[in-house]
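No lab work stands behind these numbers, since they all come straight from the coordinates. Here the structure is a predicted model, which means the values were calculated and not measured. Cβ coordinates were reconstructed from backbone atoms using ideal geometry, including for glycine residues, and neighbour counts include every protein chain displayed.
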Amino acid sequence: MNEDEKAPFTVHLEELRTRLIVCFIAVGVGFVVSYFFKERLFEILIKPLTDVMGEDDQLIFTNLPEAFFVYLKCALLSGIMLSAPVILYEFWRFVAPGLYQKEKKLLLPVVLLCSFFFIGGALFGYFMVFPYGFEFFLGFATEYLKPLPSMKEYFSFASKLLIAFGVVFELPLIITLFSRLGLVSVEFLKKNRKYALLLFFIGAAILTPPDVVTQALMALPLMILYEISIVGAKIFKRKPLKEENSA
């Protein structure tokens, strides 16, 4: 009896281990491939900054191994992105057997949409927010003050900001999911639109550089995404219990 009860659990653990090994191998392969292009990848990452810097300005590294470790982190980040399709596929293969047919149909589109919105948010931050934000910061330079951004500090700041934009662009999916679970209603979202607007600007002030233009560049897309969320919540809202039972 005990062996029968433990068998399914051990099988799941073995499968999880196999899936994780495949994911780690995929990340490792992506990391190795990316490392051969580490300088080019970092050059792309710093382009929004170098475009607004002076001709004689340049990034620096303040200790001997800093450049090496920054290149490693950049290659690792690229490796994770390259291996994302494999990771998503392994995730799908692991959870799919435990889902109902209706849930299986929803899970794959949700995972793909999550990836789409996250990448879209990161790209928006890179192309739209970075140039204005970096120009604002460099504007503090004077005859006596010269900006000397380091590789380490720039990579840390830029990667965190890109992740922040990727996460906040998941708003439509999160709100739609809450609506589907019955946690929020379309009427609630419409009624509290003005409070959501206030929260967006507060969040933008925390996550972005302290200038009005950059904050607006995050807050305004969030307003649009909120309206998209209302549409999604209206389409995928939870059905009344009688309709769910009859479906």
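Before moving on, here are some points about what is shown:
- Members of Lys105/Lys234; Lys160/Lys194; Lys47/Lys190; Lys47/Lys146; Lys73/Lys105 lying beyond 31 Å, as alpha-carbon distances in this model show: Lys47/Lys190; Lys73/Lys105
- Helix 84-95 and the longest principal axis of the Cα set of the chain meet at an angle near 20°.
- Think of segment 48-204 as a dipole: +1 on every Lys or Arg Cβ, -1 on every Asp or Glu Cβ, centred on the Cα centre; then among Ile80, Val111, Leu138, Val111 lies furthest on the positive end.
- Gyration tensor over alpha-carbon atoms, segment 1-129, equivalent ellipsoid semi-axes in Å: 40, 20, 10
- Burial ordering of Thr176, Thr142, Thr50, Thr214, fewest other beta-carbon atoms within 10 Å first: Thr142, Thr50, Thr176, Thr214
- The magnitude of the dipole of segment 38-121, with charges of +1 and -1 set on the Cβ of Lys/Arg and Asp/Glu and taken from the Cα centre, is near 820 debye.
- FRET E, pair Met81, Val213, Förster distance 30 Å, beta-carbon r, rounded to 0.05: 0.60
- When only the Cβ of Lys, Arg, Asp and Glu is charged (+1, +1, -1, -1), the dipole of the chain relative to its Cα centre reaches about 1180 debye.
- Proportion of all alpha-carbon pairs of the chain beyond 22 Å (%): 67 percent
- Since only Phe169, Ile206, Phe127 are under comparison, the one whose Cα sits farthest along the positive direction of the charge dipole of the chain, derived from C-beta charges on Lys, Arg, Asp and Glu, is Phe169.
- Helix 101-124 and the long axis of the chain differ in direction by around 10°, with both axes built from C-alpha atoms.
- Contact order normalised by residue count of segment 23-105, Cα under 8 Å, 6+ apart, percent: 52 percent
- Backbone amide hydrogens, once placed in the peptide plane, bring Val184 within less than 5 Å of Ser179, excluding anything fewer than 5 places away on its chain.
- Estimated inter-spin distance, Trp92 and Leu107, nm [label 7 Å along Cα→Cβ]: 1.1 nm
- Cα-based helix-to-principal-axis angle, 2-35 vs the chain, degrees rounded to 10: 30 degrees
- Less than 5 angstrom separates the built amide H of Phe37 from none of the residues sequence-distant by 5 or more or on a different chain.
- Cβ-placed point charges (K, R +1; D, E -1), dipole of segment 60-184 about Cα centre in debye, nearest 20: 520 debye
- Here the contact order of segment 1-157, divided by its residue count and restricted to Cα pairs under 8 Å and six or more residues apart, works out to 39 percent.
- Three-way shape label, segment 57-178, alpha-carbon gyration tensor, a/c 1.5: oblate
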